[in-house]
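A short write-up of the structure that comes next.
The values are calculated or read from the model by the stated rules, or taken from the named source; none is laboratory data. Because the structure is a prediction, the values reported are computed rather than measured. Backbone-built Cβ (ideal geometry, glycine too); neighbour counts: all protein chains shown.
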Amino acid sequence: MKSWPHLLFLFWILLLPEYGCAQNYWKSPPLYDYGNALKRKFIITTPGYMGPNALPVPEVKKGLVEDNFYVTAGSEVHIGEGDFTRNAYAKIYYPVVPGKVAFEVYGLPYEVYTLTEQTKQERRILDVNSSGHTWGDYYFSTIIQLTKDKPVIPDLTLAFSCKTASGGSILNARFTDAPAYFFDLSFGKDLKIPITVVKRFRVYGTGGFYVWQTNSDHHPQDDAVLYGLGMETQLRKWRFNQVLAGYNGYLDMRDRPSVIRFQATRQQPLFNYGLEYQIGLRDYEFSSFKFLVTFFPLRNKIKPLKPE
């Protein structure tokens, strides 16, 4: 019987899982680590294929370096189709030279998420877990005042920012586990409007360049044009902002997120309380809610430098 070698081979294949060889193949070193490296390649590191905090649209600055040192803490909730995320938020802002140069660090200490199977398939997630928690990314920024209080020229600031690779759970498409950087030139100008209750009305915006590292061998990084436009209305103790912002990547793989933000801040002597509602318009399919508390330990004690 000439077919017996084929039958023997088929019999060996059928018994292989029972002896644990097939099941332990990827768990035996060094193939276990190599298998995770292969899984990473399936993840598309663009904002439309990842969690809400992987590559968020940066904050739009208002063309001013603030005078006061402050610390902000809060929480966020992101509701998307097949993705429910909650995370903590923290920020420290320090004016190195009040009114001239400032340094800030902000980020997400912790994130908790839940995904549906459909979302996992869309994002190419091979991990069996549909929920979990992980650490987030941190950002560092230096902000420089270029012009201020000019009759015609708007206030201008230049900011340089970088993202760390501290975020985890890339196999669940939560964070990129890779660095990024962006720089932007922001402008702002106070306008006078004939409404008594409005103490201040300011128009502001930003433009810049955003670059992040991907896990693609063909395109190791994605480059994007950064933009934003907003307006601020200051009443007696309330401040309201409406902002349209986003960036356009060149890969055209859901890397052109656009959002609109509505912000309300209640001002107190030592504390500010803020609420924000953000709507994803394109390549960012989340509705987000943020609550923040900002503490000013030295408010009105740090004075800006006076021009000579």
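Below are the figures for this structure:
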| read-out | value |
| --- | --- |
| Residue check, LEU55 at pLDDT 95 or above and of a type outside the set (Gly, Ala, Ser) | yes |
| Selection status of ARG256, touching a Gly at 6+ places or on another chain (Cβ under 7 Å), of a type in the set (D, E, K, R) and over 22 Å from TYR106 (Cβ atoms) | yes |
| The stretch 146-164, subset charged (D, E, K, R) and touching a residue at least 40 places away in the same chain (Cβ under 8 Å), residue surrounded by the fewest Cβ atoms within 10 Å (Cβ to Cβ) | LYS148 |
| So ILE143, is it surrounded by 16 or more Cβ atoms within 10 Å (Cβ to Cβ), modelled with pLDDT of 95 or more and within 22 Å of the chain's Cα centre (by Cα) | yes |
| Qualifying residue in the stretch 224-231 (condition: surrounded by 13 or more Cβ atoms within 10 Å (Cβ to Cβ) and over 21 Å from the mean Cα position of the chain (by Cα)) | yes |
| Among (1) more than 18 Å from LYS61 (Cα to Cα); (2) in a strand (DSSP E or B) - the single one GLN121 does not satisfy | (2) |
| Residue tally, condition in contact with a Ser or Thr (Cβ under 7 Å, 6 or more places away or on another chain) and surrounded by fewer than 13 Cβ atoms within 10 Å (Cβ to Cβ), over the stretch 118-132 | 1 |
| Counted residues, the stretch 124-149 - those being farther than 18 Å from TYR94 by Cα, in contact with an Asp or Glu (Cβ under 8 Å, 6 or more places away or on another chain) and part of a strand (DSSP E or B) | 3 |
| Flag for ASN248 being assigned to a loop (DSSP other than H, G, I, E, B), out of contact with any Cys (no Cβ under 9 Å at 6 or more places or on another chain), at negative phi and surrounded by fewer than 20 Cβ atoms within 10 Å (Cβ to Cβ) | no |
| Candidate set: the stretch 259-295, residues that are surrounded by 19 or more Cβ atoms within 10 Å (Cβ to Cβ) and of a type in the set (Gly, Ala, Ser); chosen: the one nearest to ASN87 (Cα to Cα) | SER288 |
| Output for the stretch 210-225, where each listed residue is touching a residue at least 12 places away in the same chain (Cβ under 8 Å) and in contact with a strand residue (DSSP E or B) (Cβ under 6 Å, 6 or more places away or on another chain) | TYR210, VAL211, TRP212, GLN213, THR214, ASP222, ASP223, ALA224, VAL225 |
| Residues of the stretch 172-207 that turn out to be in a strand (DSSP E or B), in contact (Cβ under 8 Å) with a residue 40 or more places away in the chain and of a type outside the set (Lys, Arg), as a count | 9 |
| Residues within the stretch 165-185 that are of a type in the set (Ser, Thr, Tyr), within 18 Å of VAL211 (Cα to Cα) and crowded, with 17+ Cβ neighbours inside 10 Å, tallied | 1 |
| Pick from the stretch 146-173, criterion modelled with pLDDT of 95 or more and within 14 Å of the chain's Cα centre (by Cα), ranking: nearest to LYS120 (Cα to Cα) | LYS163 |
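Okay, residues lined up against (1) among the charged types (D, E, K, R); (2) within 20 Å of LEU158 (Cβ to Cβ); (3) touching a residue at least 40 places away in the same chain (Cβ under 8 Å); (4) buried (at least 17 other Cβ atoms within 10 Å of the Cβ):
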{"position": "HIS78", "(1), (2), (3), (4)": "no, no, yes, yes"}
{"position": "GLU81", "(1), (2), (3), (4)": "yes, no, yes, no"}
{"position": "ARG86", "(1), (2), (3), (4)": "yes, no, no, no"}
{"position": "PRO95", "(1), (2), (3), (4)": "no, yes, yes, yes"}
{"position": "GLY99", "(1), (2), (3), (4)": "no, yes, yes, yes"}
{"position": "PHE103", "(1), (2), (3), (4)": "no, yes, yes, no"}
{"position": "TYR106", "(1), (2), (3), (4)": "no, yes, no, yes"}
{"position": "GLU111", "(1), (2), (3), (4)": "yes, no, yes, yes"}
{"position": "THR116", "(1), (2), (3), (4)": "no, no, no, no"}
